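Here's the structure we're looking at; comments come further down.
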Amino acid sequence: MSYHHIHVEQQNTIMIIRLQRPEKLNAVNYPMFDELIHVSRQIEKDRTIRSVILTGSGGNFSSGLDFASIMKKKSHAMKLLFKLWPGNANKAQKVSANWRNLSVPVIVAIEGYCWGAGLQIALGGDFRIASPKANLSIMESKMGLTSDMAGSLTLREIMPKDQAMRISMCASQLDAETALKYGLITEVNDDPLEAAIQLSQQFARTSPDAIAATKHIYNRYWTAPKWKLLAYETYSQIRILIGRNFVQVQYALKKKASPLFKVRQRFW
């Protein structure tokens, strides 16, 4: 699939995905939904990738949903919301939820506007690094809607319920420092993309199996019953212990060298 609304480049083991509609402040149209879902599925299949960075072009992450474009064709709106089973993610939700399901860290580098659908996509990442001039908002209530792109999965984990409800109900616009105080972002940095690359390089020095297991433990079982969390911890540790990357780490520790990691295991 060729991409027209996102730009994808790979730097060694880092996959950088850039929302590419700068003339529209990277507003999310229907083709961008398809492209983001497609690239996330391709990354899921490629076990050589160690981390993903999501960012925007033209000094903004995204101004939100391109509502006028979506509503030109009512069938597009229906396709975004349609699902065969209520508990599964629909197309609108997959552009956020798919990043949570990957076995590699997803870092979002945010500049300028990160509103509505843009923030929902960003909430699918594991880490959000924003520039001091970034502006973040859950904008849906301003349009008479509720947020419906799976960002709530992350909000319930990172923010107190009352604060999440208030900024959602009021469509509050938050500067970077306020967003950091609320826990909505991970870090404020003058160069969020460079900070994301440096963080990716740190991850690359750690076993990809350990990274994958840790991400799945926290994303899948953070709010799960105690027994499920404990069971998955044990499962993950056994998988790591019998894997080739654990051997590589032990050998490197003895030799006081950097480990030569093998392709990441699959974790379920």
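The values are calculated or read from the model by the stated rules, or taken from the named source; none is laboratory data. Just so it is clear, the model here is predicted, and its values are computed rather than measured. So basically every Cβ, Gly included, is an ideal-geometry build from the backbone, and we count neighbours across all protein chains shown. For accessibility, only protein heavy atoms count, side chains too; no ligands or nucleic acids. Shrake-Rupley method; radii C 1.70, N 1.55, O 1.52, S 1.80 Å.
Among the criteria (1) surrounded by fewer than 17 Cβ atoms within 10 Å (Cβ to Cβ); (2) at pLDDT 95 or above, the one residue 200 does not fulfil is (1). Pick out the one residue from 223, 234 that is over 24 Å from residue 13 (Cβ atoms) and in a loop (DSSP other than H, G, I, E, B). It is 223.
When you look at residue 229, is it surrounded by fewer than 13 Cβ atoms within 10 Å (Cβ to Cβ) and either outside the structural domain of residue 11 (by the TED database) or among the β-branched types (Val, Ile, Thr) (or both), yes or no? No.
Considered as a group, the residues in region 27-49 that are assigned to a helix (DSSP H, G or I) and of a type in the set (Ser, Thr, Tyr) include one that is least open to solvent (accessible area, probe 1.4 Å), and that residue is 40.
In summary, residue 246 fulfils each of the numbered conditions (1) surrounded by 15 or more Cβ atoms within 10 Å (Cβ to Cβ); (2) over 30 Å from residue 46 (Cα atoms); (3) outside the structural domain of residue 101 (by the TED database) with the single exception of condition (2). Does residue 47 satisfy the condition of being charged (D, E, K, R) and closer than 27 Å to residue 202 by Cβ? So residue 47 fits the description; yes. Residue pairs whose Cβ atoms lie under 8 Å apart, sitting 6 or more positions apart in sequence or on different chains, and linking a residue in region 238-250 that is among the β-branched types (Val, Ile, Thr) to a partner that is in a helix (DSSP H, G or I), are 240/209; 240/210; 240/213; 240/246. No other residue among 224, 213 is over 27 Å from residue 91 (Cβ atoms) and not assigned by the TED database to the domain that holds residue 108 apart from 213. All of (1) over 24 Å from residue 136 (Cα atoms); (2) more than 19 Å from the chain's Cα centre (by Cα); (3) at pLDDT 95 or above hold for residue 25 with one exception: (1).
Among the residues here, residue 189 does not qualify as surrounded by 16 or more Cβ atoms within 10 Å (Cβ to Cβ) and at pLDDT below 95. Across region 1-10, the qualifying residues are those that are open to solvent by 70 Å² or more (accessible area, probe 1.4 Å) and within 18 Å of the chain's Cα centre (by Cα), and the one among them that is nearest to residue 199 (Cα to Cα) is 10.
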